[in-house]
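The values are calculated or read from the model by the stated rules, or taken from the named source; none is laboratory data. Because the structure is a prediction, the values reported are computed rather than measured. Positions of Cβ are backbone-derived with ideal geometry, glycine not excepted, and every protein chain shown enters the neighbour counts. Surface areas here come from the heavy atoms of the whole protein model, side chains and all, with no ligands, DNA or RNA. Shrake-Rupley method; radii C 1.70, N 1.55, O 1.52, S 1.80 Å.
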Amino acid sequence: MLKELTRETKATMGIYEPRRDKVYGLLAEFSDPGALLHAAEGVREAGYKHFDTHSPFPVHGMDRAMGLGNSKVGYITLVGGITGLAVATWLQWWTGGVDYPLDISGKPFFAWEPSIPIMFELTILFAALAAVAGMFALNGLPRPYNPLFYSENFSRVTDDAFFLHVAASDGRFDMEKTEQLLRDLGALYVEVIEDLGTEQGPAGDVRGEAVEKAQA
Amino acid sequence: MSTASTGKSLAFTAGDGYHDDPPLVAGNLSFHEVTDLVALHTEKKTPMAWYGAFSIANIGLMILLLSVAYLFWNGVGVWGLNNPVGWGYAIVNFVFWVGIGHAGTLISAILYLFRQKWRTAINRSAEAMTIFAVICALLFPTIHVGRVWAIYWSLPIPNQMEMWPQFKSPLLWDVFAVSVYFTVSLVFWYVGLVPDLATLRDRTPLTKKLRQKVLGFFALGWNGANRHWRNYEKAYLLLAALATPLVLSVHSVVSFDFAVSIIPGWHTTIFPPYFVAGAIFSGFGMVMTLMVIARKVYHMENIITINHLEKMNIIILLTGTMVGFAYITEFFIAWYSGSPYEQYAFINRATGPYAWAYWTMMSCNLLFPQFFWFKKLRRNVAFMFVVSIFVNIGMWFERFVIVVTSLHRDYLPSAWDYYTPTAIDVLTLIGSFGLFFTLFLIFLRFLPMVALAEVKMVMPQSDPHFYEGHGDGHGAAHDLSAGKPESDRGKS
């Protein structure tokens, strides 16, 4: 039960478990963002859950095409902001009003009016740090090792190439059928990605057995 | 395996497809060409010109280090401060540098919230400028305290005296505001950098092990996954939404340093908005100075187009006029208040011993930007460069006028004095520019100076509907003439 939960949580971060034969998934390249969007819709409609698209920039409408809901970063940020506000209030009240009260021209030891600037600043600080930390945590980053990096072509994902990856951990994954589906959706080629781990030497020495296929 | 369909020979347009907006990226570039254009500068052999510029900047940095070391050894007596004028160059420089930083946050956060897509060409370098300017700014109050080794008293750190900072003081608010501003700007900048660092990482040949390791470390394993982009875009939006009130608060808090006191010329409620407008104005002046040089040197004319520069000039015109309006309002309020001290402070500002500084400020900040009402001048690169220099000078003098003229005439005429900076004052100011340019040159050399992922996002081919219809871009694009190269446009 817990194991299943962990697996699903990791899957939302894009971290999937390889199959017993080390197959991590199938990686398909598409020609442009439009084709990628269309393919993501097709893969979702076929019932796949463990898949993701990879692109050099966020593709408009992809969240809907993939059937992803709203990001949770907002809630984390809200919690961060409230924490910052509480810390700032407590800090100014406790240091000035409790721990070492200083009587300066009869002014109150603690008042909310002069405390506002620091309350504001710390709210922003904590909220901003929470937004960034939350974003990286939800994304499962930093993740220096990723089996996808074994693919030679995948290095163009941050430049001008558009990929769709279906993970082998998905219940519906089937080497032939999934590949056929991706090709029917207009993949330029489909490649098998193997999770060879990091022990095999530095990236680039060992490549997954790329099964390159010409455009369908 | 060719991705030619995302490449050239497509019709380009930007905006809503109904208006004849010029494209944000000129020259019919493909995604790959944009990557190349920016990434190459971090990959190729360091050009000699860079070494030349870096040496000059380093001389400035050395001047800064030496003058600061001299100051630490001897104390603040080496500066030109005297009895009524207890705040001099250090505070002027502090406000000047913090203000410069504001343009970067305006471009990265406020223009992002307003969906101003043209910001993508300049936001990376403007944010870098923010961070380096705030580093310069943080230096000055630190060295201004006199006993630098006790600077930690300004932070709420438990100490052997069992004392805490005085949270009712605007000076302490300033410590918090500027350091929060620095932290948030740095984080914002880094988040924006992650996808571009991944781009550089993926372009690194296997033979360059160290470069691969460093970039691999800082890129955090980014792989462009849509599940990641989803959280990333949300976090980016939230950071922009948080940075917007933050940037407005920072210079407001800086203005409280003055406005909360009872010195005539400082004690005015107009200060927060007037300081914020001035900060954005001065920051855009500096962005313009840097961008005009950088786009020329790095051949970025297709990404930072003349249209981008024109939009920045409009902001300079707007904020410059706002600042000028604030100068005049100050005079009106001084007269209207009926307070003789207030009236004297302002008449003395314009006609007293510092009139030269006042009129330098007035002409640079109010007068010169007015030329940007003319479209010809707004689009003239040489002219805008000159004006941007004047804006930088004028905004430095604004802070000088505010700080020094208000202080040099005390309530007690026997205490009146004239403030003259010493050589150390001037050298520290010059040195801070050395620090700024050293950092900026390191940035230009090692990091992508244009936000690649964001620029690609505003290119018409990034729209998935662009490929509908005949697949030649007619799905989203309507205007074929907009795809003409930079040189052909503007004639029609």
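At-a-glance table
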{"quantity": "Members of region A:117-132 that become less accessible by 10 Å² or more once partner protein chains are added (1.4 angstrom probe, chain alone as reference)", "calculated": "A:117, A:118, A:120, A:121, A:122, A:124, A:125, A:127, A:128, A:129, A:131, A:132"}
{"quantity": "Accessible area (Å², 1.4 Å probe, nearest 10) - residue B:167", "calculated": "10 Å²"}
{"quantity": "Charge dipole (region B:29-143, unit charges on Cβ, about Cα centre) - positive-most of B:88, B:46, B:99", "calculated": "B:99"}
{"quantity": "Probe 1.4 Å, all protein chains present, accessible-area order of B:358, B:190, B:51, largest first", "calculated": "B:51, B:190, B:358"}
{"quantity": "Listed residues A:63, B:174 arranged by accessible area, highest first, probe 1.4 Å", "calculated": "A:63, B:174"}
{"quantity": "Alpha-carbon radius of gyration plus Dmax, which is the widest Cα pair, for chain A in Å", "calculated": "24.4, 83"}
{"quantity": "Residue (of B:279, B:73, B:186) at the positive-pole extreme of the protein assembly as shown, dipole from beta-carbon charges", "calculated": "B:73"}
{"quantity": "Shielded by partner chains, region B:433-470 residues - at least 50 Å² of accessible area, 1.4 Å probe, vs chain alone", "calculated": "B:464"}
{"quantity": "Diffusion constant of the protein assembly as shown at 20 °C, which comes from Stokes-Einstein with the Kirkwood Cα-pair radius and 1.002 mPa s, µm²/s", "calculated": "77 µm²/s"}
{"quantity": "Relative contact order of chain B, pairs being alpha-carbon contacts under 8 Å that are 6 or more residues apart, as %", "calculated": "33 percent"}
{"quantity": "Isotropic mean projected area of the C-alpha convex hull, region B:407-467 (nm²)", "calculated": "9.1 nm²"}
{"quantity": "Among B:144, B:363, B:242 the positive-end extreme of the charge dipole of region B:38-470 (Cβ point charges)", "calculated": "B:242"}
{"quantity": "Relative contact order computed over chain A (Cα-Cα under 8 Å; 6+ residues apart), in percent", "calculated": "38 percent"}
{"quantity": "Per residue value of the accessible surface for region A:73-138 (all protein chains in place, 1.4 Å probe), Å²", "calculated": "50 Å²"}
{"quantity": "For region A:73-138, projected area of the alpha-carbon convex hull averaged over all directions, nm²", "calculated": "4.6 nm²"}
{"quantity": "Computed FRET value (nearest 0.05) for residue A:174 with residue A:105, which takes r as the C-beta separation and R₀ as 56 Å", "calculated": "0.10"}
{"quantity": "Largest to smallest principal axis extent of the C-alpha atoms in region B:23-95, angstrom", "calculated": "63, 30, 14"}
{"quantity": "Calculated log₁₀ intensity ratio I(q)/I(0) where the Debye formula runs over C-alpha points of region B:104-175, q = 0.13, 0.18, 0.19, 0.27 Å⁻¹", "calculated": "-0.59, -0.79, -0.82, -1.15"}
{"quantity": "Estimated dipole of the protein assembly as shown in Debye, rounded to 20 [Cβ of Lys and Arg +1, of Asp and Glu -1, Cα centre]", "calculated": "920 debye"}
{"quantity": "Rounded accessible area of residue A:19 (nearest 10 Å², 1.4 Å probe)", "calculated": "80 Å²"}
{"quantity": "Net dipole in debye of region B:310-466 [+1 Lys, Arg Cβ; -1 Asp, Glu Cβ; about Cα centre; nearest 20]", "calculated": "600 debye"}
{"quantity": "Accessible area (Å², per residue) of chain B, counting only protein heavy atoms and a probe of 1.4 Å", "calculated": "40 Å²"}
{"quantity": "Cα centroid separation - region B:400-439 against region B:63-102, whole Å", "calculated": "7 Å"}
{"quantity": "Rg followed by Dmax, in Å, when chain B is reduced to its Cα trace", "calculated": "24.4, 84"}
{"quantity": "Charged-residue dipole, Cβ positions (Lys, Arg, Asp, Glu), chain B about Cα centre, Debye nearest 20", "calculated": "1020 debye"}
{"quantity": "222 nm mean residue ellipticity, helices alone, for the protein assembly as shown (DSSP H n ≥ 4; -39,500 (n - 2.57); rounded to 500)", "calculated": "-18000 deg cm²/dmol"}
{"quantity": "Restricting region B:69-136 to chymotrypsin sites (Phe, Trp or Tyr not before Pro) in coil, as DSSP defines it, with at most 11 other Cβ within 10 Å", "calculated": "B:114"}
{"quantity": "Average Cα contact separation per residue, region A:73-138, under 8 Å, 6 or more apart, as relative contact order %", "calculated": "58 percent"}
{"quantity": "Sulfur and carbon atoms: percent of accessible area, region B:38-470 [1.4 Å]", "calculated": "74 percent"}
{"quantity": "Accessible surface buried once B binds A (1.4 Å probe; total of both sides; Å²)", "calculated": "6100 Å²"}
